[in-house]
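Presented below is the structure to which this report refers.
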Amino acid sequence: MVKGTELLHGHFHFKSLPDGGVDRTKAICIHCKVEFSYHRSTSSLKYHLNAIHTVDASKSPSQTNCGGGLRQTTLDAACGRSIDRQKQDKLTNAIAKWIATNCRPASVVEDVGLRNVLRIATNDDTYEPPSRRTITRRIHELYEKERTTKATALQRAPTVALTGDYWTSLGNQNYLGVTVHYIDEQWELHSHALTVMQTEDRHFAETCAEHFIHVAQQWNVSLSTDSAINMIAAARHLPFEHDPCVAHSLQRSVTVSLQNSAFDDVLAKCRKVVGHFKHSPASAAELEHQQIEHGQKEESLIQDIPTRWNSTLDMIKSVRRNEQPLRDVLTTHNTKIAMPTTAEMDELQRLETLLEHCRFATELLGGEKYVSCSVVLPAFCHLSRVMESSDDDPAYVVKFKSTFRTDLETRKENANIAYLKIATALDPRFKHLKCIPRAERAEVWASVTNLLKEQRVVAEQPVEATTSEPPKKKLALLAASSESDSEQEEDSVENSVRRYRSEPTISTEACPLEWWSKHAGSHSRLASIAQQYLTTPATSVPCERLFSLAGHIVQKKRVSLSSENVNDLVCLSNWLGAEE
């Protein structure tokens, strides 16, 4: 080796050129012949010696060889140490959970980019991601594990409520989605998917009922559906209490009130304006420029869709927020699209105020993480009050309010009002029943009292069934001797209701389940009934969200997914996503 071409005491030397010269920008390790870039810094060279060859860079190769410090580069050192079987199995499970939770296709494991990322993360250049078959098997195993956990929790729940709806996939296959809702022993409300089951038959009432019973039997649970005619008819064939979807009814009332109203013309103008900017990239870009010029936030306009709740309100708000930028763009480009006039913008403002109340009620009743069934009647009472006509209202507003109130009252008749009244009474926020006519309040508390009496009879029924029948003569004596006991029991039941009614109401912002968790001991008779009624959701919106999730899974490229895989993936994504 030519003197002056060495680095780090001879562990490296500069690269020799074919013409006999030396390239002082390249350093070559004498131990493994690997070439490095050299820019007057030996830090990377020292790191290489320490990490790969474990030699002391301050000593010459002859000294390190004599000391036994130099060792041959191993395959693990050259390629990166391979991960052990346990870590590999853990990584496979994590990939399966990620695919299920985030609605990714199983084929993603074949992606070269993912493989490279995993190799860098594991520091193992030989790592190969699991196959699609392995991932599919792990997803099924994960589903069965989570299903067992959910089923065990359901068995401990005293009462459950189900919501159900039908959905058609991109592959033109019919699916029934069912979600479950229950309150556990700690008075925490739980809500999750039960199944997304493919159905073959047409959705007649008897068939719908059979489907729901099949799901209930599969999960061993003892139902709220949407307000479609076939779903309501199916409920008549079910051995469950049925509550139609209130949010659907509310949205239908909004739709009916807008039809043939004085708002038709101005809403049509808004749709044309929004449609123009949706279909013209140049106009959309100019709108963004004008939004910046007016110091507004850049945003796209929102088009209303008949099947999307509150989308008409969202369209109105987006047009009103961007009124001046829209006028500037349309005026500059001399388009034939006409903006609403000043008078029509005033109409939009009034309609926005009316629809905001409906949005508030819809979102309030559509939640699944809090009690909603007991809020239905107070929400209806609020809507009825704000939709009362006043002397300041123009004729077109009076017409809208009148149509809305009339239609909503008609739809309330199809709701399970008796059930909703009891739910309201058992909610410590609304037990004063101000949302119910005064003449009907006593009847509600009488119903609660009867429920307590029926509960006592049901609780004693198994004991009576196992007791041998006494002689008829003794039966008469037993009836006579127990008369005073039954009177005392009736007094006790009425006292339970009376004590609960005497409790102070809580704030409407408070959680009724927290109140019951603290007072369940002192009101034990009513607590189990409260669990039953407060468990029930007011709407089938949870199923709507379930099918929205399914839409991310059953995409155009995955329309051939088997029904079993659809069920496992949708349910797992719902279960695991809720945990995170």
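Matching residues to (1) over 23 Å from Thr25 (Cα atoms); (2) out of contact with any helix residue (DSSP H, G or I) (no Cβ under 8 Å at 6 or more places or on another chain); (3) modelled with pLDDT of 75 or more; (4) surrounded by 11 or more Cβ atoms within 10 Å (Cβ to Cβ):
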{"position": "Ser44", "(1), (2), (3), (4)": "no, yes, yes, yes"}
{"position": "Tyr47", "(1), (2), (3), (4)": "no, yes, yes, yes"}
{"position": "Arg71", "(1), (2), (3), (4)": "yes, no, no, yes"}
{"position": "Asp76", "(1), (2), (3), (4)": "yes, yes, no, yes"}
{"position": "Ile83", "(1), (2), (3), (4)": "yes, no, yes, yes"}
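Out of all the residues in segment 328-350, is one or more of a type in the set (Gly, Ala, Ser), on the phi > 0 side of the Ramachandran plot and not in a helix (DSSP H, G or I)? The answer is no, given that none of the residues of segment 328-350 is of a type in the set (Gly, Ala, Ser), on the phi > 0 side of the Ramachandran plot and not in a helix (DSSP H, G or I). Being exposed (fewer than 14 other Cβ atoms within 10 Å of the Cβ), at pLDDT below 90 and in a helix (DSSP H, G or I) is the filter here, so list the residues in segment 87-109 that pass it. Hit for segment 87-109 is Ser107, nothing else. Looking at segment 421-434, is at least one residue in contact with an Asp or Glu (Cβ under 7 Å, 6 or more places away or on another chain), under 30 Å from Leu377 (Cβ atoms) and at pLDDT 60 or above? The answer is yes, given that some residue of segment 421-434 is in contact with an Asp or Glu (Cβ under 7 Å, 6 or more places away or on another chain), under 30 Å from Leu377 (Cβ atoms) and at pLDDT 60 or above.
I'm checking my understanding of the structure. Among residues of segment 398-421 that are crowded, with 21+ Cβ neighbours inside 10 Å and among the hydrophobic types (A, V, I, L, M, F, W, C), which one is farthest from Arg252 (Cα to Cα)? Once the filter is applied, the top-ranked residue is Leu420. Taking first residues from segment 419-437 that are among the basic types (Lys, Arg) and partners that are part of a loop (DSSP other than H, G, I, E, B) and buried (at least 19 other Cβ atoms within 10 Å of the Cβ), the Cβ contacts under 7 Å between residues at least 6 apart in sequence or on separate chains come to Lys421/Ile436. When we screen Glu298, Glu288 for residues that are under 33 Å from the mean Cα position of the chain (by Cα) and assigned to a helix (DSSP H, G or I), the only hit is Glu288.
Taking first residues from segment 290-306 that are in the same structural domain as Lys269 (by TED's automatic domain parsing) and partners that are part of a loop (DSSP other than H, G, I, E, B) and modelled with pLDDT under 95, the Cβ contacts under 6 Å between residues at least 6 apart in sequence or on separate chains come to Gln291/Glu298. Only one of the listed residues (Thr152, Thr179, Thr207) is among the hydroxyl-bearing types (Ser, Thr, Tyr), part of a helix (DSSP H, G or I) and at pLDDT 80 or above. That residue is Thr152. Contact map, segment 132-154: residues that are within 17 Å of Asp184 (Cβ to Cβ) paired with residues that are not in a helix (DSSP H, G or I), Cβ distance under 6 Å, separation 6+ or inter-chain. Pairs shown: Leu154/Val221. Cβ-Cβ distances below 7 Å connect the following pairs, each with a first residue in segment 23-34 that is farther than 14 Å from Gly4 by Cα and surrounded by 13 or more Cβ atoms within 10 Å (Cβ to Cβ), a second residue that is of a type in the set (S, T, N, Q) and modelled with pLDDT under 85, and a separation of six or more residues or different chains: Cys32/Thr73. Tell me whether segment 252-267 contains one or more residues that are more than 30 Å from Glu409 (Cβ to Cβ), at pLDDT below 95, in the same structural domain as Asp393 (by TED's automatic domain parsing) and part of a helix (DSSP H, G or I). No, that holds for no residue. Within segment 359-388, being in a helix (DSSP H, G or I) and farther than 23 Å from Pro437 by Cβ holds for Arg359, Phe360, Thr362, Glu363.
The values are calculated or read from the model by the stated rules, or taken from the named source; none is laboratory data. Predicted model, so just to flag it, every value in this text is computed and none were measured. So basically every Cβ, Gly included, is an ideal-geometry build from the backbone, and we count neighbours across all protein chains shown.
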